[in-house]
Each structure stands twice: as structure tokens, then as C-alpha cells.
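A.B. asks: One structure follows; several queries about it will come next.
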Amino acid sequence: MRKRTIVKPKALNEAGSGSVQKEENSSKSRGEHVSNGGSVGGFGKRLLKAVQILILITLVPPFLNYAALQKEATDLKPNHGQLYDIAWGQKLFKMCHGKGPPTVILDAPTGMTSDVWELVWPRIAKIARVCVYDRAGLGFSERPLMNYSQTDGQDAKSNTRNRWHPFTVERMADDLNKLVTTSSQEVQPFILVGAELGALVAQFYTQMFDNQVAGMLLINPLSDDLFEQDSGSWKTHWFGNLIPSFQSMQLGAALGLVRLALLVGLINQPLTGTNMPEDVINRQKHFLCHPKHLSSVVDEYHFMNESFSQIRTMRMLKAVPSNVSVTVLSGNYYDELMPSHLNKAWAKSEQNLLTKHYPRAKHIVINSADRHMLYRNPDAISEQVIKMIKQVRNKLRIKSS
């Protein structure tokens, strides 16, 4: 008998292998699905982490900067200065030393605080009363709180103080008058010492309140024809370079980036004179990180054309009295940070100021000095102020005898 051989049906084998293949394909498909899901999930996690880091970078520096500003505002405020209410809720910072008469009032350059006089006022205070202050919005002084256009109706009376736009020379002179005659009643007569925009304020103040002023010392004064020199090169530089740079600094301060730049040494505080006290250096860094201060810096530059127009109008209405002593100080060096043509245009406008408006003024050129002489050549400045103090006192003696 032959042994029977059992043969599996072909269809059954194919079906069985098909089931196995389907299971393998199904397992492979599930594996691919898990693998793809893990890839998508990993990308989502990385994206979420990137967003978190971006939020930290965006929010943490401004928050830390704000917290630091609050602490520094108390720690860095000068011990002897204080805020004076000049009416309508606005306060200006002022610090005085010594005894008068006369009282010397020091007014800083455009966009700068009273710290620029830190190496000058101590020597003056030994022989006379000397005051430094910060214009509206700068340093520790408060920005104006209202819209300063004159109104009609019931609010007109309350806004008579606001007939001049803030951050123009008319308003600055009026602010200064309120500060030294109403809020604190400093001893008269005054000797006004101003640099750049501060010199413009000194001139306007003298023409408005000539009976209070005995002398003016104008250091590198801004002249109202500066923007007309050299085919408007200074006007282009002023509005095309200076203002945008301060606006960028203001934005960087609001984002906390200026503080980071100061920490890593990418930018420096502006007062680079030798022997500058550490508290002044720290205070200047504080102001560079303060959006409010930088906003006022931008405003002073922005309204310069209007200030020039105001001083021209005032000169047409009234001249500086002949009994007011006027001295103009300038350096014999160009500012190395400015192009040559801008230095030449500035020097020409300064000479025009002397020729057209102060032909009897004494013009003194400080050797080895430039536009930074306030904190780089402080002894030369102090010496000239002291000379004017002595001249004024001699006049007062003659007048009283």
C-alpha cells in the first residue's frame, strides 16, 4: 500500500501567508504612525520652548529695568537737591550751595542734566551762591502733565500757565523764573551761565526779566542761524541723525536693552571728564536707561526750530540791556566726534551771534578746549564765572555807595 501524501491546498497557503503579510504590514503601519506622531510632537515641544524663551527675552529685561529704575531713583538722587513746585503740579529739581548775592544759575546743554556742572559748581560755591537745576522732564525734574495749548471757556483761566509749548525756550525761561523767584526766592541779581541750549535760555530769560540779571556767561551758545549755515548741514544732522539716535535709545531703554548694553560695555555714559564722581557716573547710566528722560531729550531737540523762532521774535521786541555784562566762551579745538564741516558751521554761527547781537560782549577762547569743556576743562569755566562774580559785586558796591 502506498503511503498517502497530504498536500495543503494552494488557496489555503496563499490565504495564510496573506494574513501574515497583512499583520506585518499592519504592524509596520502602526510603527510608522507612532514614529510620525513622535516627530510632530517633538517639533511642537521645540516650538513651545522657543516661544517661551522669546517671551522671557521680551518681558524680563523691561521688567528688570523698571525695577532697577525705581530703586535707583531713590539711591542716586543728590542729597542736597530737592523738587520745587513751579505751579500746576509740575516740579523741577534744583540744588544750591553757598551764599549770595549774586546767585549764579547754571543751565546745561541740550538734552543734558545738571550733572554736567559737577566739577564746576563746588569752586563757585566757595565765594557765591550757585544753583544747578534740571529742565522739565530731564533728570529728576517732572515732565509737564497737561496739553499746553491755551483753551477757551471755563478751563482758560487754569491754562494761562500753559500759553507756551513745553520744551521750547519761552517755556524753559518761564519755568526757570518760577523756580528761582516764586518757588525758592533766590537772592538777586542773577548771573546766568548757560551752555548750548542753556545759553539760549539765558538770553531769553535776560530779555524777559532784565531787572533780575546782572550778567550772562554763554558757553558754546546755540545761535538761531545755525541751521542756515553750510547749506543746512546742521539741520540735516540735527533732524536726520541726532533725533533718530535718541529715539532709538528711548526705545532701547523701554525694552531694557540699554541697560544690557551698558553692562557689557557696548555704550558708555556721556560725562567722560576725569575725576568725575562715581555717583554721577551711575546717575548718568540711570538716566540713559530711563525712557521718560530720553523722551524729554528728544523733545528738546525736536522743538529747536520753534525755539530759534521765539528768540528771533524776542530780539525784535526787546534788546538785552546794556548794563548786563555778556561773556562768550568757546574752545580753540574742534569737536573730534563731529565732521569738520559741522564744526566750521557751528563756529560761523557763533561768530555771527557775537557780531550781530552782542558786539560789546567779551569773547574768550579757552585753550585746548572743545564743546565738552564743562566736564573736561572745569577749572577754566570756574575761573571765568568767578571773574564775572567779582565784576558784578564791584558794580553792586558802586551802586550802593
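A.B. asks: I need a count of the residues in the stretch 237-257 that are more than 20 Å from LEU342 (Cβ to Cβ), among the hydrophobic types (A, V, I, L, M, F, W, C) and more than 13 Å from the chain's Cα centre (by Cα).
C.D. replies: 3
A.B. asks: Being closer than 22 Å to ILE105 by Cβ, among the hydrophobic types (A, V, I, L, M, F, W, C), touching a Pro at 6+ places or on another chain (Cβ under 7 Å) and in contact (Cβ under 8 Å) with a residue 40 or more places away in the chain narrows it down to one residue among VAL320, VAL328, VAL324, VAL385; which is it? Full working, then the answer.
C.D. replies: Working: VAL320 fails: touching a Pro at 6+ places or on another chain (Cβ under 7 Å); VAL324 fails: touching a Pro at 6+ places or on another chain (Cβ under 7 Å); VAL385 fails: touching a Pro at 6+ places or on another chain (Cβ under 7 Å).
Unique residue meeting the criteria: VAL328.
Listed here are the residues, each with its yes/no results for (1) in contact with a strand residue (DSSP E or B) (Cβ under 7 Å, 6 or more places away or on another chain); (2) in contact (Cβ under 8 Å) with a residue 24 or more places away in the chain; (3) surrounded by 24 or more Cβ atoms within 10 Å (Cβ to Cβ); (4) not acidic (Asp, Glu).
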{"residue": "GLY194", "(1), (2), (3), (4)": "yes, yes, yes, yes"}
{"residue": "VAL201", "(1), (2), (3), (4)": "yes, yes, yes, yes"}
{"residue": "ASP210", "(1), (2), (3), (4)": "no, yes, no, no"}
{"residue": "GLY215", "(1), (2), (3), (4)": "yes, yes, yes, yes"}
{"residue": "ILE219", "(1), (2), (3), (4)": "yes, yes, yes, yes"}
{"residue": "ASP225", "(1), (2), (3), (4)": "no, yes, no, no"}
{"residue": "SER231", "(1), (2), (3), (4)": "no, no, no, yes"}
{"residue": "TRP234", "(1), (2), (3), (4)": "no, yes, no, yes"}
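A.B. asks: Residues of the stretch 241-282 being of a type in the set (Val, Ile, Thr) and either more than 20 Å from ALA73 (Cβ to Cβ) or touching a Lys or Arg at 6+ places or on another chain (Cβ under 6 Å) (or both), which ones?
C.D. replies: ILE243, VAL264, ILE267, THR272, THR274
A.B. asks: Next up: Looking for something among the acidic types (Asp, Glu), within 25 Å of PHE204 (Cβ to Cβ) and either over 20 Å from the mean Cα position of the chain (by Cα) or not in a strand (DSSP E or B) (or both) - is there at least one such residue anywhere in the stretch 305-325?
C.D. replies: Yes: the stretch 305-325 contains one or more residues that are among the acidic types (Asp, Glu), within 25 Å of PHE204 (Cβ to Cβ) and either over 20 Å from the mean Cα position of the chain (by Cα) or not in a strand (DSSP E or B) (or both).
A.B. asks: Can you find a residue in the stretch 265-277 that is without any contact (Cβ under 8 Å) to a residue 24 or more places away in the chain, part of a helix (DSSP H, G or I) and surrounded by fewer than 19 Cβ atoms within 10 Å (Cβ to Cβ)?
C.D. replies: The answer is no; no qualifying residue exists.
A.B. asks: Here are the criteria: (1) among the β-branched types (Val, Ile, Thr); (2) part of a helix (DSSP H, G or I); (3) at pLDDT below 95. Tell me which single one VAL298 does not satisfy.
C.D. replies: So VAL298 meets the others, but not (3).
A.B. asks: List every residue pair whose Cβ atoms sit under 7 Å apart, with the two residues 6 or more apart in sequence or on different chains, where the first one lies in the stretch 287-313 and is aromatic (Phe, Trp, Tyr) and the second, anywhere, is in a helix (DSSP H, G or I).
C.D. replies: PHE287/HIS293; TYR301/TRP238; TYR301/LEU242; TYR301/ILE243; TYR301/PHE246
A.B. asks: When the residues of the stretch 348-382 are narrowed to those that are in contact (Cβ under 8 Å) with a residue 24 or more places away in the chain and of a type in the set (D, E, K, R), which ends up farthest from GLY331 (Cα to Cα)?
C.D. replies: ARG360
A.B. asks: Determine, yes or no, whether GLN247 is crowded, with 18+ Cβ neighbours inside 10 Å and in a helix (DSSP H, G or I).
C.D. replies: Answer is no for this residue.
A.B. asks: Suppose we filter LYS390, LYS362, LYS344, LYS395 for residues that are surrounded by fewer than 19 Cβ atoms within 10 Å (Cβ to Cβ) and at pLDDT below 90; which single one remains?
C.D. replies: Values: LYS390 fails: at pLDDT below 90; LYS362 fails: at pLDDT below 90; LYS344 fails: at pLDDT below 90.
Selected residue: LYS395, the only one of LYS390, LYS362, LYS344, LYS395 that is surrounded by fewer than 19 Cβ atoms within 10 Å (Cβ to Cβ) and at pLDDT below 90.
A.B. asks: Could you please find all residues in the stretch 358-396 being of a type in the set (Lys, Arg) and in a loop (DSSP other than H, G, I, E, B)?
C.D. replies: Matches in the stretch 358-396: ARG360, ARG371.
A.B. asks: Let me ask something additional. Would you tally the residues in the stretch 344-389 being closer than 24 Å to THR113 by Cα and either among the basic types (Lys, Arg) or in contact with an Asp or Glu (Cβ under 6 Å, 6 or more places away or on another chain) (or both)?
C.D. replies: Adding up the residues that qualify gives 3.
A.B. asks: Which numbered condition trips up SER296, out of (1) surrounded by fewer than 20 Cβ atoms within 10 Å (Cβ to Cβ); (2) within 16 Å of the chain's Cα centre (by Cα)?
C.D. replies: (1)
A.B. asks: Within the stretch 173-183, does at least one residue satisfy the condition of being free of Cβ contacts under 8 Å to residues at least 60 places away in the same chain, surrounded by fewer than 23 Cβ atoms within 10 Å (Cβ to Cβ), under 17 Å from PRO321 (Cβ atoms) and not β-branched (Val, Ile, Thr)?
C.D. replies: Yes: one or more hits.
A.B. asks: Then there is this: Against the condition over 16 Å from TRP238 (Cα atoms) and loosely packed, with under 15 Cβ neighbours inside 10 Å, how does THR327 come out, does it pass?
C.D. replies: no
A.B. asks: Right, here's the next one. For the list (1) in contact with a Gly (Cβ under 9 Å, 6 or more places away or on another chain); (2) farther than 30 Å from ASN352 by Cβ; (3) of a type outside the set (Asp, Glu), I need the number of the one condition that SER296 fails.
C.D. replies: (2)
A.B. asks: If you don't mind, there's one more thing I want to ask. Is the stretch 224-243 home to any residue that is touching a Ser or Thr at 6+ places or on another chain (Cβ under 6 Å) and either assigned to a loop (DSSP other than H, G, I, E, B) or β-branched (Val, Ile, Thr) (or both)?
C.D. replies: Within the stretch 224-243, the first condition is being touching a Ser or Thr at 6+ places or on another chain (Cβ under 6 Å), and the residues that meet it are 225-226, 229.
Now narrow it down to the ones that are either assigned to a loop (DSSP other than H, G, I, E, B) or β-branched (Val, Ile, Thr) (or both): 225.
Yes, because at least one residue in the stretch 224-243 is touching a Ser or Thr at 6+ places or on another chain (Cβ under 6 Å) and either assigned to a loop (DSSP other than H, G, I, E, B) or β-branched (Val, Ile, Thr) (or both).
A.B. asks: Which of the residues belonging to the stretch 180-236 are within 26 Å of TYR375 (Cα to Cα), out of contact with any Gly (no Cβ under 7 Å at 6 or more places or on another chain) and among the small types (Gly, Ala, Ser)?
C.D. replies: Scanning the stretch 180-236 gives GLY194, ALA195, GLY198, ALA199, ALA214, GLY215, SER223.
A.B. asks: Among the strands (runs of 3 or more DSSP E) confined wholly to the stretch 74-140, which include 2 or more residues that are surrounded by 19 or more Cβ atoms within 10 Å (Cβ to Cβ)?
C.D. replies: 91-97, 103-107, 129-133
The values are calculated or read from the model by the stated rules, or taken from the named source; none is laboratory data. Because the structure is a prediction, the values reported are computed rather than measured. Every residue, glycine among them, receives a Cβ derived from its backbone with ideal geometry; neighbour counts consider all protein chains shown.
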